[in-house]
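Novice: Starting off with a structure, shown below.
The values are calculated or read from the model by the stated rules, or taken from the named source; none is laboratory data. Remember, it's a predicted structure, so these values are computed and weren't measured experimentally. Using ideal geometry, Cβ is built from the backbone for each residue, glycine included, and neighbour counts are taken over all protein chains shown.
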Amino acid sequence: MTGYNLLEIVSSCIDLAEQSGKIIRDIFNSGTLDIKMKGEDDPMTVADLKSQQHIIAGLRNHWPDIKIVGEEDCEVPPTQTFPDRTKLQKYSDSAPKDYLNMNKEDVIVFIDPLDATKEFTLGRVHCVMTLIGITYKGVPVGGVIYQPFVDADGLPVPKEQASQWVGRLVWGIVGIPVENLKDKRAPEDKGKVIIVTTASHFNQDIENSIQKIQPDKVLRTGGAGYKTLMVIENLADVYLFSTVGTKLWDIAAPHAILSAVGGTLTQPSGKPVNYTDNLSLVENKNGIVVTIGDHQKYINLLNK
Ligand SMILES: [Mg+2]
């Protein structure tokens, strides 16, 4: 075989995301985040940088030519980290055959080394995640999420109980059942329509879109990855961000896991997101809508 094997890439990403999570926790605990502003309201810390460098260097050690789109613009010093490519070997018979020998040109790895950086700098670390998504022919097919600051169920743990930050990994490949997920909907929320949206970039566009759906409840929190995971785990029916603000690296990994459990992510028009390594097109200019079911119903409401 001469192409890329998705099981080997996702296996390596699992290793690298867990290791990056430890790097992120250690930097947070050190108290020296070395915050720089990339733009208005867009901070970056030394943890974002170190996490991305670690992931890219590890991937390059196995696949020197693989296309990678990472959030941070940084040099990548070589490492001696050779992530484990064999963790998912047991799925070789059940995985879609196309994914075991993927045409190299058609594969892109999207890395958000630390999603929800602003929350991270404010100490609201429960929504921080490392996100690595793999697209094939423009469609997310594999995703790895690592939450460094939660317990094994993904529940927030306050700073004062930092020893309980064991971290949580969720990975998914389209066509393989996803493990380590729960239906977290509270009994009193059954039958309600719940929207989750941005905490920090709320605007009139989003308010107008929410009004079209007329939900029973609106939740606002940080992190595109965290909000998509809330939909995946049925804490919300819709993640709505009907304006510019998310990037392809924020959504590729959770999108793959969402697809693996039967959910849908599109633009508010219903059009698919265009996953490309053209850096001038990484911004989701029209916004995104994420659902776990009834996607078309919500798209119809939004476009009434
Ligand atoms: Mg980030």
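Novice: Could you check the range 54-69 and list, in sequence order, the residues that are touching a Pro at 6+ places or on another chain (Cβ under 7 Å) and touching a residue at least 60 places away in the same chain (Cβ under 8 Å)?
Specialist: Within the range 54-69, just Ile55 meets the criteria.
Novice: While we're looking at this one, here's another question. Look at the range 131-171 and say how many of its residues are of a type in the set (Asp, Glu) and closer than 17 Å to Leu181 by Cβ.
Specialist: Residues meeting the conditions: 2.
Novice: Would you confirm whether or not the range 252-260 contains a residue that is at pLDDT 95 or above and surrounded by fewer than 17 Cβ atoms within 10 Å (Cβ to Cβ)?
Specialist: Filtering the range 252-260 for residues at pLDDT 95 or above gives 252-260.
In the following step, the residues that additionally are surrounded by fewer than 17 Cβ atoms within 10 Å (Cβ to Cβ) were identified as none.
Within the range 252-260, not a single residue is at pLDDT 95 or above and surrounded by fewer than 17 Cβ atoms within 10 Å (Cβ to Cβ).
Yes or no, residue by residue, for (1) in a strand (DSSP E or B); (2) more than 16 Å from the ligand (Cβ to nearest atom); (3) among the basic types (Lys, Arg):
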site: Lys50; (1), (2), (3): no, no, yes
site: Asp73; (1), (2), (3): no, no, no
site: Lys87; (1), (2), (3): no, yes, yes
site: Phe120; (1), (2), (3): no, no, no
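Novice: Residues Val170, Val141, Val166: which one is free of Cβ contacts under 8 Å to residues at least 40 places away in the same chain and either outside any helix (DSSP H, G or I) or of a type in the set (Lys, Arg) (or both)?
Specialist: Working: Val170 fails: free of Cβ contacts under 8 Å to residues at least 40 places away in the same chain; Val141 fails: free of Cβ contacts under 8 Å to residues at least 40 places away in the same chain.
Only one candidate passes the filter, namely Val166.
Novice: Of the residues Ala17, Ala57, only one is crowded, with 20+ Cβ neighbours inside 10 Å and under 20 Å from the mean Cα position of the chain (by Cα); which?
Specialist: Ala17
Novice: Being part of a helix (DSSP H, G or I), within 30 Å of Ser163 (Cβ to Cβ) and within 16 Å of the ligand (Cβ to nearest atom): is that true of Ile27 here?
Specialist: Numbers: part of a helix (DSSP H, G or I): yes; within 30 Å of Ser163 (Cβ to Cβ): yes; within 16 Å of the ligand (Cβ to nearest atom): yes.
Yes; evaluated as a whole, the condition is true for this residue.
Novice: Condition first: more than 15 Å from the ligand (Cβ to nearest atom) and either surrounded by fewer than 24 Cβ atoms within 10 Å (Cβ to Cβ) or not assigned by TED's automatic domain parsing to the domain that holds Asn101 (or both). Now tell me which residues in the range 122-145 satisfy that.
Specialist: Result: Gly123, His126, Tyr136, Lys137, Gly138, Val139.
Novice: Give the residues of the range 148-169 that are surrounded by 24 or more Cβ atoms within 10 Å (Cβ to Cβ) and either charged (D, E, K, R) or within 14 Å of the ligand (Cβ to nearest atom) (or both), sorted by residue number.
Specialist: First, the residues of the range 148-169 that are surrounded by 24 or more Cβ atoms within 10 Å (Cβ to Cβ): 148-149.
Residue satisfying the conditions is Pro148 alone.
Novice: When you scan the range 274-290, do you find a residue that is within 15 Å of Val244 (Cβ to Cβ) and more than 19 Å from the chain's Cα centre (by Cα), even just one?
Specialist: yes
Novice: Is it the case that Trp165 is aromatic (Phe, Trp, Tyr) and either more than 19 Å from Leu258 (Cα to Cα) or more than 16 Å from the chain's Cα centre (by Cα) (or both)?
Specialist: Considered against the rule, which asks whether it is aromatic (Phe, Trp, Tyr) and either more than 19 Å from Leu258 (Cα to Cα) or more than 16 Å from the chain's Cα centre (by Cα) (or both), Trp165 comes out as yes.
Novice: Still on this structure: Working carefully through the options Pro64, Pro83, Pro78, find the one that is surrounded by fewer than 13 Cβ atoms within 10 Å (Cβ to Cβ), within 22 Å of Pro140 (Cα to Cα), more than 16 Å from the ligand (Cβ to nearest atom) and not acidic (Asp, Glu).
Specialist: One residue alone meets the criteria, Pro64.
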